[in-house]
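Some notes on the structure that comes next.
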Amino acid sequence: MTSVSSLEGSKAINDTPQALYLDLVESCLLNLIYEDAATAMNLRGDLLAFNVEKRRLGHDWPSMAHTMIGQLRLHNLRELAATAINQNIPGDFIETGVWRGGACIMMRAVLKAFGDTSRRVFVADSFEGLPKPNAELYPADTGDRHHQFPQLAVSLEDVQSNFAKYKLLDAQVVFLKGWFKDTLPGAPIAQLAILRLDGDMYESTMDALHALYHKVSPGGFVIVDDYGAVPACKRAIHDFRTARNISDPMITIDHDGVYWRKT
């Protein structure tokens, strides 16, 4: 696995109005401006003091910020979206598992900044939290407790409201409400330039890959949020890549996230 590097065709951070706008969106999505407390990863939801390093790495559950993926993964998503536009990689953008919608808001902001009116951002989630593990069909999910955390259940209306706060709730944003096995196979998607997986579990990861991987264009990106954080997610990625004979190198974003470019 290779380390993350700047991609040819992505725009470097500079002081153009476009870059300054995306810098501000990035800071707002992470709430690096007001530095909200974190919600402890327990069922009580205790509050913990803001920690800039944990927010950078995506190792906290923010109490107010619109994303928990951290600055490194959010910035990587921004760069890959810009690369897809700059290099004319055909297809829409999608995230499967969106929480408060922050990563999808960033993808929509990149389209706005680049004046791309042809692509859509698909926002796929149950908007009810994660499913209970089906250990009989997916043994790798045995003992998974994500469904027990109410902090992970964010309603469709709340996510739509978050888009509206950035003035990015429009016809280029498409919401897919329901379990992935029900919504993704028939989703009105012809091609994808970015497939971002954030379903945590083996089942959720596999459901998204089986329904959508064949729609990722050559040169498009597959991003896995929890590869290094959830063993069942990592297992799903390796099982799928082995079954499909995928040898495209995986690139490390941070301790948890990876991506590869489809050839």
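For N134, state whether it is part of a loop (DSSP other than H, G, I, E, B) and either in contact with a His (Cβ under 6 Å, 6 or more places away or on another chain) or closer than 20 Å to P185 by Cβ (or both).
Judged against the criteria, N134 is a match.
Look at segment 86-129 and say how many of its residues are more than 24 Å from D15 (Cα to Cα) and among the aliphatic types (A, V, I, L, M).
6
The rows are residues; the columns are (1) free of Cβ contacts under 8 Å to residues at least 60 places away in the same chain; (2) more than 20 Å from E26 (Cα to Cα).
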site	(1), (2)
Q87	no, yes
P90	no, yes
G101	no, no
C104	no, no
V110	no, no
F122	no, no
G129	yes, yes
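Filter segment 161-180 down to the residues that are within 17 Å of L29 (Cα to Cα) and touching a Gly at 6+ places or on another chain (Cβ under 8 Å) and list them by number.
Scanning segment 161-180 gives N162, F163.
Out of curiosity, is Y213 in contact with a Phe, Trp or Tyr (Cβ under 6 Å, 6 or more places away or on another chain) and aromatic (F, W, Y)?
no
Does segment 45-64 contain at least one residue that is hydroxyl-bearing (S, T, Y), part of a helix (DSSP H, G or I) and modelled with pLDDT of 95 or more?
no
Please enumerate the residues belonging to segment 1-44 that are at pLDDT below 85 and assigned to a loop (DSSP other than H, G, I, E, B).
M1, V4, S5, S6, L7, E8, G9, S10, K11, A12, I13, N14
Collect the residues in segment 86-123 that are part of a helix (DSSP H, G or I) and surrounded by fewer than 21 Cβ atoms within 10 Å (Cβ to Cβ), keeping them in residue-number order.
N86, K112, F114
The values are calculated or read from the model by the stated rules, or taken from the named source; none is laboratory data. None of these values were measured; they are calculated from a predicted model. Quick reminder, even Gly has a Cβ in these numbers, built from the backbone with ideal geometry, and neighbours come from all protein chains shown.
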